[in-house]
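The values are calculated or read from the model by the stated rules, or taken from the named source; none is laboratory data. None of these values were measured; they are calculated from a predicted model. Because the Cβ atoms are built from the backbone with ideal geometry, glycine has one as well, and the counts that use them run over all protein chains shown. Ligands, DNA and RNA are stripped out before the accessible areas are found, and what is left, the full protein with its side chains, is counted by its heavy atoms. Shrake-Rupley method; radii C 1.70, N 1.55, O 1.52, S 1.80 Å.
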Amino acid sequence: MIMKERKTPLSILTREALLRRLPLNHAKSPDIIEDLKIARAGFYGERHLDQQLCYLPENDYSILPDLRIIHQNKPFQIDTLVVTPSFLVIIEAKNIVGTLFFDPSSKQFIRTHDNKESGFPDPIAQVKRQQAQLKDWIKQRQFPPVPIEYLISISQPSTILKTSSNNQELFEYVLHAVHVPEKIQSLKHKYDHKNLLSPNQVQQLIQLLLQEHCPLNLEILKHYRVSRQEITKGIQCPACENYAMLRAIAYWRCPVCLHQSKSAHIQAIKDYHLLIQPTISNRQCRSFLLLESRDVAYHLLSSMNLPATGAGKATVYHRTL
């Protein structure tokens, strides 16, 4: 059973918003586009893994996608965690095309694609570190010690996996996503002789992991050294993409292409939450949307059903992405 939804990560949403709001041909755009490409590829690999895990029996496995836990002031992030009463499985998803050769000497994945070689950091070291951190996290919360296995899921079926002849055991935990459910089932046969966690402890463990999940909040402007003054304000037209929409009585109208929209402000407010800060006041909304009317700004913010704190002019509306 999937215990929480895998949402589009902020690493994608913030970069998409930044590209929307930067002037054309901005000096940072190529870097943002390349980073966005990598983030989207990673997310695709994770979603592809989710599709394969749906073939596992729902009642036997609890699946927690996209966990990020702060432990001893250090974060560790797990693409997918599978929880059972007798064992856990950390799954790291990789979306890499071409031929992958794992060099046991250099501890590096070497990818050959389009006659070019490139190196990737060792994902095995990555999941072993996650394994050690999760083991310690579980121990400190006084759960019984439970075996933690790890797998590296390769999303592209066309990706060829290779290693040296004396390192064939690599393929016990580095495998294509389509084979991950079968591997997890084999682990169940290995460990199912003894349930180390009671049903109540399994639920407690899952609830603690969900409670302590702490998504990475990337300060995107600081990351790319972009100032707030470079961010384009206003309402973007969904049709022609110009930032020229004007407020009519109950809708937005683009003077360039004459397109009309009742909801064009929603993306603008989301962009503010992603790029500037996770809260927005009436005054900040008017400034960013280039509005004059406090009543119109109040109506727009209220209609989005955003969580709000404070009262009167001190009211702020919180991000719900």
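Considering only the range 53-61, I want to know if a residue exists there that is over 25 Å from P157 (Cβ atoms) and at pLDDT 95 or above. No. Within the set K183, K139, the sole residue that is touching a residue at least 24 places away in the same chain (Cβ under 8 Å) and open to solvent by 20 Å² or more (accessible area, probe 1.4 Å) turns out to be K183.
Going through (1) in a helix (DSSP H, G or I); (2) open to solvent by less than 20 Å² (accessible area, probe 1.4 Å) one by one, L210 falls short only on (2). Is there a residue being among the hydrophobic types (A, V, I, L, M, F, W, C), closer than 27 Å to P307 by Cα and touching a residue at least 40 places away in the same chain (Cβ under 8 Å) anywhere in the range 233-244? Checked the range 233-244: at least one residue is among the hydrophobic types (A, V, I, L, M, F, W, C), closer than 27 Å to P307 by Cα and touching a residue at least 40 places away in the same chain (Cβ under 8 Å). Residues to consider are N195, N166, N200; find the one that is open to solvent by 90 Å² or more (accessible area, probe 1.4 Å) and either part of a loop (DSSP other than H, G, I, E, B) or touching a strand residue (DSSP E or B) at 6+ places or on another chain (Cβ under 9 Å) (or both). Exactly one residue qualifies, and that residue is N195.
Identify, from the list R6, R20, the residue that is among the charged types (D, E, K, R), open to solvent by 40 Å² or more (accessible area, probe 1.4 Å), more than 20 Å from H179 (Cβ to Cβ) and touching a residue at least 40 places away in the same chain (Cβ under 8 Å).
R20
Within the range 149-163, restricting attention to residues that are under 21 Å from I90 (Cβ atoms) and among the small types (G, A, S), the residue that is surrounded by the most Cβ atoms within 10 Å (Cβ to Cβ) is S153.
Of all residues in the range 95-108, those that are farther than 28 Å from R47 by Cα have Cβ atoms under 9 Å from Cβ atoms of residues that are open to solvent by less than 50 Å² (accessible area, probe 1.4 Å) and aliphatic (A, V, I, L, M), 6 or more apart or on another chain, in P104/L170. Tell me which residues, restricted to the range 229-288, are open to solvent by 70 Å² or more (accessible area, probe 1.4 Å), among the charged types (D, E, K, R), more than 23 Å from Y317 (Cα to Cα) and not in a loop (DSSP other than H, G, I, E, B). Scanning the range 229-288 gives a single hit, R253. Of all residue pairs spaced 6 or more apart or on separate chains, those with beta-carbon atoms under 6 Å, a first member in the range 269-284 that is free of Cβ contacts under 8 Å to residues at least 40 places away in the same chain and a second member that is not in a helix (DSSP H, G or I) are Y272/I280; I280/Y317; S281/V316.
Of the set (1) on the phi < 0 side of the Ramachandran plot; (2) in a loop (DSSP other than H, G, I, E, B), all apply to N25 but (1).
Among the residues making up the range 50-65, a single one is surrounded by fewer than 13 Cβ atoms within 10 Å (Cβ to Cβ) and of a type in the set (D, E, K, R): E58.
Summed over the range 289-298, residues that are assigned to a helix (DSSP H, G or I), surrounded by 12 or more Cβ atoms within 10 Å (Cβ to Cβ) and over 28 Å from the mean Cα position of the chain (by Cα) total 4.
Consider F143 against the criteria (1) assigned to a helix (DSSP H, G or I); (2) farther than 21 Å from L216 by Cα; (3) hydrophobic (A, V, I, L, M, F, W, C): it satisfies all of them except one. Which criterion is unmet? Here F143 meets the rest and fails (1). Inclusion of I138 among residues that are touching a helix residue (DSSP H, G or I) at 6+ places or on another chain (Cβ under 9 Å), part of a helix (DSSP H, G or I) and under 19 Å from S198 (Cα atoms) is warranted. The numbered conditions (1) at pLDDT 90 or above; (2) open to solvent by less than 40 Å² (accessible area, probe 1.4 Å); (3) closer than 25 Å to P75 by Cα are all true for A125 except (2).
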